[in-house]
């Protein structure tokens with residue numbers, strides 16, 4: 001697996017259960033996956049020789065991020081390496097413009113968009129102005145490549161804001177696209193997996209709650225989502241995975257728009273990720289087959305596992321680094337959490353604490369009679385405690 005982050009770490013855990021050894025290409029011996037894997041290659045995902053060392057003798061090559069240069073992947077494929085997902089699919093996760101164009105060609109619901117690329121600054125600025133005038137300057141500018149957790153995305157409401165973002169980033173050589181801002185009711189994620197054989201499997205559609213541009217909470221399944229809409233989202237994601245030739249797990253991030261009556265509207269595709277995804281962490285405890293086990297199954301072309309939920313509701317809450325790391329150790333925080341909330345399932349990533357950094361997550365699997373808001377409150381309370389060593393309800397662990 002290329003990348004030594006928390007996704008590789010959790011994939012490694014799933015691989016062990018299947019009797020597999022997951023070799024990891026990590027940038028540093030201290031990376032989350034490198035400290036737990038028995039087979040680690042230290043190197044760069046941008047160096048073809050390091051990629052060759054990681055792939056040597058392996059059954060397949062996969063990823064915990066989409067940042068590997070496509071030309072390197074094509075070289076490895078030409079040398080006989082089984083790259084999964086293949087470069088022809090990963091291209092659409094790396095390039096937002098290519099993704100938008102392809103989705104539009106396939107007739108999938110996407111926001112109106114325009115390409116602001118090219119070397120002619122004035123021509124690109126003119127295209128932005130024309131697009132902004134058409135959409136009353138309620139627009140989103142995005143970097144075509146790179147960016148995650150809100151980085152590389154700029155929400156603007158006025159001409160001056162949009163042009164300022166354009167001027168600042170075009171001057172840095174960034175290729176940009178502009179999209180119409182969607183009247184969003186909430187964000188959803190349709191997580192699927194696909195094998196080289198062509199088998200597909202979909203988990204229940206979930207609702208994701210974003211804060212500061214990154215996922216904070218996942219509600220599984222998405223509350224009050226019409227069954228027909230959920231089925232539509234699953235089928236869109238499965239169809240897209242097949243059309244693009246995806247192998248492994250793919251997350252399709254969606255907007256549920258606001259309808260004319262103020263209620264639910266239509267679905268619009270936002271982003272794609274071709275790897276295990278934050279919106280799927282709930283599956284580790286809340287589904288029969290986790291996204292990490294499923295990714296290993298798919299990459300190795302095993303029959304895919306059951307994606308059924310284990311409970312009526314599961315809530316995942318990310319543990320994010322606090323502005324000031326608590327003096328209480330992580331081990332002591334775990335002790336107090338388990339004493340108060342023995343049902344909490346905690347997954348820590350072995351990362352140092354810094355503000356807003358994802359250092360772990362908590363899953364709470366609800367009982368048959370638990371409401372989603374109750375389960376969500378417990379998950380967020382547990383995650384907040386692990387982040388800050390403070391109980392949101394004021395409970396004193398020493399009283």
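Things worth noting here:
- Spin-label pair residue 242-residue 306: with each label point 7 Å from Cα along the Cα-Cβ axis, the two points sit 2.4 nm from one another.
- The Rg/Rh ratio for the chain, using Cα coordinates for both the radius of gyration and the Kirkwood hydrodynamic radius, is 0.97.
- Estimated inter-spin distance, residue 323 and residue 338, nm [label 7 Å along Cα→Cβ]: 3.2 nm
- Between the C-alpha center of the range 262-290 and that of the range 199-245 there is a gap of 4 Å.
- Mean-position separation - Cα centroids, the range 88-104 and the range 355-379, in angstrom: 33 Å
- Exposure proxy ranking for 65, 45, based on other Cβ atoms within 10 angstrom of each Cβ and starting from the fewest, stands as 65, 45.
- In units of the compact-protein estimate 2.2 N^0.38 Å, the range 184-388 shows a Cα radius of gyration of 1.04.
- Förster radius 35 Å - calculated FRET efficiency between residue 157 and residue 199 (Cβ-Cβ, nearest 0.05): 0.20
- Residue-span extension gain [residue 266 to residue 53] - 0.36 nm each, minus C-alpha spacing: 72.0 nm
- Oblate is the label for the range 112-180, because the ratio a/c of its alpha-carbon gyration tensor axes (a ≥ b ≥ c) is 1.5 or higher and a/b is not greater than b/c.
- Length gained when the stretch residue 353-residue 133 is fully extended (0.36 nm per residue, less Cα-Cα span): 74.8 nm
- Annotation for the range 39-62 versus the range 303-338: alpha-carbon center distance of 31 Å.
- Relative contact order of the chain: 13 percent, from C-alpha pairs under 8 Å at least 6 residues apart in sequence.
- The range 187-266 has equivalent-ellipsoid semi-axes of 24, 15, 11 Å, by the square roots of 5 times the alpha carbon gyration tensor eigenvalues, sorted largest first.
Where a number appears in this text, it was derived from the coordinates with a stated rule and is not lab data. Remember, predicted model here, so these are calculated numbers, not experimental data. Heads up, the Cβs are rebuilt from the backbone with ideal geometry, glycines too, and the neighbour counts pull from every protein chain shown.
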